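Rule-based calculations on the coordinates, nothing more; no lab input. Note that the structure is predicted; figures quoted are calculated from it, not measured. Note: ideal-geometry Cβ built from the backbone for every residue, glycine included; neighbour counts use all protein chains shown.
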């Protein structure tokens, strides 16, 4: 285990930095928000938040430019200064997500290059905890391309609540509350995909290190319980990790998309993204939970 990182970010400062940097990045053109419309689609006991992209042109253009630079191009080394929000610790920094769909979407990235598929460590969770205690939201991690990761440089993400005005937190919060626990691992009956849930406690005014240790211990326990293995290079099998101030969940992954609809960690929080009306039609016909079952692993 690496030596625990030194925390740099001052208490109660992150949100103001996010607002200031967002205004700056919009004004100078560094932040290229992707416009969407959305609707709620009920499936099972979940009102899924489905966003419909209205213009992907700028992101597609940038992706083509990055391909010309080669497959080893890393947008985080160096990162774009106009997207820099704050130094979190001596191992992590916080950036704005350049192509955000959700407002104030944050990236928590390692200063030095680490593979996205490598095991998360305590320093990763210290950095995320620093942010999560200052900005209430959904933290998440896509372990590799099959899990929806678009960059190889290790990065966790945080989207603040509310995702939309109609939803106080995530669309799945109400069903997470119904989870049945065995050996401290919860499962939701309407989730017919391999998953594990652990409770998070932030009610006792945790210190950052206490919260990070709690998340790390639960993370390790869930990985073991779901039999997510690590190879000789230190890379894990693909999975999605979701973390709030109340709960965390890990989902095993089998493929990045189903019927052309891509899914990352946000999908398992009940928030899906479709690129056009045809994908929206497909999603409505198949139902969101079916999509999640197909990109995850169907429970026995």
Please say if the range 206-269 is rounded, prolate or oblate, where rounded means a/c under 1.5 for a ≥ b ≥ c the square roots of the C-alpha gyration tensor eigenvalues, and otherwise the choice is prolate for a/b larger than b/c and oblate otherwise?
oblate
Just 132, 273, 26 to compare: in a GNM of the chain, with alpha carbon springs under 10 Å, which one fluctuates most?
26
Paired Rg and Dmax values of the range 71-193, which use every Cα atom, in angstrom:
15.9, 47
Please build a GNM for the chain, connecting alpha carbons under 10 Å apart, and tell me which residue among 128, 241, 77 fluctuates the most.
77
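In whole angstrom, how long is each semi-axis of the equivalent ellipsoid of the range 137-269, when you take the square root of 5 times every eigenvalue of its Cα gyration tensor and sort them from largest down?
Values: eigenvalues 93, 70, 53 Å².
Its equivalent ellipsoid spans semi-axes of 22, 19, 16 Å.
Between residue 233 and residue 192, 0.36 nm times their residue separation minus their Cα-Cα distance comes to what?
On the way: separation 41, 0.36 × 41 = 14.76 nm, distance 3.11 nm.
Net length gain for the segment: 11.7 nm.
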How much length, in nm to one decimal, is gained on full extension between residue 299 and residue 225, taken as 0.36 nm per residue of separation minus their Cα-Cα distance?
25.2 nm
Using all C-alpha to C-alpha distances in the range 113-169, build P(r) with 10 Å bins and read off the rounded percent in each one.
22, 44, 29, 5
Label-point gap, in nm, between residue 281 and residue 103 - each point 7 angstrom along Cα→Cβ
3.3
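Using 0.36 nm times the number of residues separating residue 164 and residue 136, minus their current alpha carbon distance, what extension gain do you get?
Working: separation 28, 0.36 × 28 = 10.08 nm, distance 1.40 nm.
Length gained between residue 164 and residue 136: 8.7 nm.
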If one computes the Cα centroid of the range 158-235 and of the range 236-276, what distance in Å separates the two points?
13
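Of all alpha-carbon pairs in the chain, indicate the percentage at a distance above 37 angstrom.
Details: 4044 of 44850 pairs.
Cα-Cα pairs in the chain separated by more than 37 Å: 9 percent.
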GNM top mover of 154, 32, 169 - the chain, alpha-carbon springs below 10 Å
32
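Over every pair of different alpha-carbon atoms in the range 226-300, take the mean of 1/r and invert it; report that Kirkwood radius in Å.
Final number for the Kirkwood radius of the range 226-300 is 13.5 Å.
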